[in-house]
Every structure is written in C-alpha cells, then in structure tokens.
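Computed from the coordinates by the stated procedures, all read-outs in this text should not be read as laboratory data. Computed from a predicted structure; not experimentally measured. Please note: Cβ atoms are built from the backbone with ideal geometry, for glycine as well, and neighbour counts cover all protein chains shown.
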Amino acid sequence: MEQQRANSLLFTPIKMGDLILPNRIVMAALTRMRADKKTGIPNELHAQYYSARADSGFILTECSAIRPDGNSFVGSAGIYTEEQALGWKKVVDAVHEKGGRIFLQIWHAGRAAHPEQIGGLQPISSSAIAINGSATFVKGKANHQVPKAATIEDIQQLLRDFRKGAENAKKAGFDGIQLHGAHGYLIDQFLRNKANQRTDEYGGSIENRCRFPLQVMDQLIEVFGSGRVGIKVSPIYDFNDNADSDPFSLYSYFIEQLNKRQVAFLEINEAISLDPAQEKVKHQEIFGSRKEKSLREIFKPQFSGLFITNYKLTFEKSNEILQKGHADLCSFGTSYVFNDQLVEKYKTGSTLNGAKYIEDKSKLFREYFYGSTAVGYTDLTVYQPKL
Ligand SMILES: Cc1cc2nc3c(=O)[nH]c(=O)nc-3n(C[C@H](O)[C@H](O)[C@H](O)COP(=O)(O)O)c2cc1C
C-alpha cells in the first residue's frame, strides 16, 4: 500500500524552466500574520515554519506587499524595505539548507485595504468603487472605503514599486516570484470588470483590463527571467466583491498573453463563492455551455507553461487530476496550515492534522490561522487528531 502511494504521480519530478521540482505538491500562499506589526519584517518563526515545508515541489510565500498602502493584513511580511529583504533572506536560506525551493508572492491589496490598516491613507484601485461589505481584521464594523481611482502617474508608480519589490526579492535569494492576481486584490481589480469601470487604456475592453497586470508581469520577468515567474488567478471567485461579465474570454486572452511571455506557471484557485450554497448555481451561470467542465479543464489546454490547480485538494483527488492530465501540479493551502512535511505524510499515508477540516472548510481552528505566536504556526499540537 505504502509502495503504491509512493509511486503515485504526485511524487514524480517535473521541470520548471531550469529548476527540477522533486514532486508536484506546491505549498499555496498562506497569510499567517506572524511578522513584526510595525516593520513587516519576517523573523525566526518564519524560517522555522517555511523550512519545515521544504519537501514540497516549491513553496509560495504569504502575499507580501510592495508598499505600505498595499497591506491589508497588519503583521504580514512586506518586500519594500532593505530590512524586510534581509529578514526574508534568512527564511530563504533556511529553506535552501533543507534542499527546498521558495518563491515570493508579490502583492498589493488595492481597495481591500482599509485606511485603518494603512496609516489613514486612502486605498487605491482601478476605479473609485468600494467593496460592498466590511473590511477584514478591522475592529468593529468597518465598511470598506471608496478607493482613489489610480491616475496614469499612480500606475507608473505602482509599476516601479512592483519592480522594486521584485528586486528586493531577488536580493533576498528567492528562487522565483508569483504575482498575486487573485481574490479581488489590486491586480484582480484591474482584470475583472465589476471592480474595473475605467474608460481609459486600462479599462473597458479585455485588452485594456489586462494591460496593467501584464505590465507588472513584464517588470517581474525583467528581474527574474520568465522561467522563474508565475501568477495566481481566481477567475470566478467572488471574494472581495469582484466578478467578471465574461471570464472565459477574459482569461483566454490573458493566458494567450502569458504564453507570449513564456511565463513559467499559472495557478488557478477554482473557488467560486464565499457562500457554498451559491457554488453550483454560479458556475453554471458563468460558464453556460462549458458548465460541465472545471476551470482546470477549460484553461489548462490553453496555457503553455506549468498549470497548477488549487482548491480543496486531497491526496486522492490531486492524483486523479494529474492522472487525467487536468493539471501539472497541485497546490495545497489549508493542508499546509495544519501540517508540515506534507509530502512525507502523503507518501506514508499517515493521518493529516485537521484532515476533516481541509475539505469541509469548517471554521474550527481559525483563531490560529492568523496571529502572532508560534501556537498553530510552528507549534502544530493544537491541530493534532484526537485519537
Ligand atoms: C489562512 C489562509 C491564508 C491565505 N493567504 C493567502 C495569500 O496570502 N495569498 C493567496 O494567494 N492565497 C491565500 N490563501 C488562499 C490559499 O492559498 C488557497 O488558494 C485556498 O485556501 C484554497 O486552497 P485549499 O482548499 O487547499 O485551502 C489563504 C488561505 C488561508 C486558509
């Protein structure tokens, strides 16, 4: 049985650019808010946490802001100061010492940041439209604020800031970089047209809405080389109140442009709705005649780099997906919250911490997801199954 597991596709190596990934298991980006709340500098806990997950094909770090107004998670590590880069270097070194590979997820929250989280600044977005709802991690009932619609000068500055962040990541020794283009944050606020209502060259047509995200990708590619750059998207996820009127056409065009740039990997979070009851209905509404197909079946054939699928995956489900050729790699979020050495655990078939909660996404243990201590982060005893 153990031998059978060890032979499964998840454990076969795969080439990404000039890197050989030892397996198809990717640690998805996970914000855990253990960095210094004032400086956004990652610390020894981060080094322990990430290096305990070094057996994955590669690690994607928590989303790391390019500048103070881009951080909607106070306590997230940033990538805009020398000190943050130095902090990250220790994390990267610790992962490398264990033989792992680690990519930084680079990010700007856009309108998802509340002024309270960003020193009273007005958040910035593609258009001056507020997220309908209250902001996460702001005490009391704090509704999202109307953001400033970025001017052309603002966009130029954002491009410079993304580049600087990528240069810092390179200095820190990261093996590569992933642009956070998912979950209704800044990049997604340009891509999808519920948030983006601009009428200039950055809004309106699909080509225009893809312009800024692609310009950011170009900056990252100039710093890291296309073989070390990827992006995460969530084409139909309604998180942070975003949506698109024609996701099939939008992402088909976007993927074509990523192919032209020979981008190394594309990660798709296949989540649909924060409201589980809505999931099936929405997928059918959005994809019409393609409704029988999953997002990976729709978009993988279009992408020429490595395709990573994400969302509620288990060992069995991910192997099945790989066997069917619906993805090249699988990324795991919640499983990595609860577990270190996931590859080893999958190989031996040992019971995962929190196994029951990985698929049904119950709210149990959530208090440990974010926080400032080792409990639930490097100390995983709180998640261990009660036998
Ligand atoms: C605690 C927590 C923090 C997360 N932080 C990030 C993040 O920083 N960047 C990101 O792209 N996704 C983030 N996600 C989403 C995960 O990367 C992943 O897309 C999602 O959890 C679905 O995968 P899963 O079903 O394996 O958990 C987070 C998820 C959780 C549970």
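Quick notes on this structure:
- Stretch gain in nm, segment Ser350-Thr136, where the contour uses 0.36 nm per residue and the Cα spacing is subtracted: 73.6 nm
- Distance in nm between pseudo-label sites at Ser205 and Val146 (7 Å out along the Cβ direction from Cα): 3.0
- Grouping the Cα pair distances of region 309-387 into 10 Å bins from zero gives a pair-distance distribution of 17, 49, 27, 6, 0 percent in increasing distance order.
- Principal semi-axes in Å for region 2-383 [√(5λ), Cα gyration tensor, largest first]: 29, 25, 21
- Per-residue Karplus couplings for region 318-334, computed as 6.51 cos²θ - 1.76 cosθ + 1.60 with θ equal to phi - 60°, are listed in order as 5, 4, 5, 4, 5, 4, 6, x, 8, 7, 9, 9, 10, 10, 10, x, 3 Hz, Gly and Pro entered as x.
- If R0 equals 35 Å, the separation of the Cβ atoms of Gln384 and Asp246 corresponds to a calculated FRET efficiency of about 0.15.
- Measuring between alpha carbons in the structure, the pairs from Lys15/Lys347; Lys38/Lys171; Lys232/Lys324; Lys312/Lys363; Lys139/Lys232 lying more than 18 angstrom apart are Lys15/Lys347; Lys38/Lys171; Lys232/Lys324; Lys139/Lys232.
- Residue among Gly176, Ser72, Cys330 farthest towards the positive dipole end of region 2-383, charges placed on Cβ: Cys330
- DSSP bridge orientation in the chain - percent antiparallel, rounded to nearest 5: 10
- Given 15 as the ceiling on other Cβ atoms within 10 Å, longest exposed-site-free region of the chain for GluC sites (Glu not before Pro) in DSSP loops: 1-200
- Considering only region 35-168, percent of DSSP beta bridges that pair antiparallel, nearest 5: 10
- Charge dipole (debye, nearest 20) of region 2-383; +1 at Cβ of Lys and Arg, -1 at Cβ of Asp and Glu: 240
- Separation in nanometres of the label points that stand 7 Å from Cα toward Cβ, at Thr314 and Glu153: 5.6
- The chain, helix-only ellipticity at 222 nm - DSSP H runs n ≥ 4, -39,500 (n - 2.57), divided by all residues, nearest 500: -10000 deg cm²/dmol
- Whole-Hz couplings from phi, Karplus 6.51/-1.76/1.60, listed for region 161-169; x for Gly and Pro: 5, 4, 5, 4, x, 5, 5, 5, 4
- Modelled FRET efficiency - R0 30 Å, Gln122 with Glu167, Cβ distances, 0.05 increments: 0.65
- Note on the chain: GNM, Cα springs under 10 Å; of Pro235, Pro13, Pro213, the largest mean-square fluctuation is that of Pro13.
- In region 21-73, the convex hull through the Cα atoms has an average projected area of 4.0 nm², a quarter of its surface area.
- Under 18 Å from the Cα of Lys37 - aspartates and glutamates, other chains or at least 8 residues apart: Glu62, Asp69, Glu82, Glu83, Glu116, Glu367
- Dipole-positive endmost among Thr348, Gln145, Pro123 within the chain (Cβ charges, Cα centre): Thr348
- Intensity falloff of region 81-200 expressed as log10 I(q)/I(0), Debye formula with alpha-carbon point scatterers, at q = 0.11, 0.12, 0.16 Å⁻¹: -0.46, -0.53, -0.85
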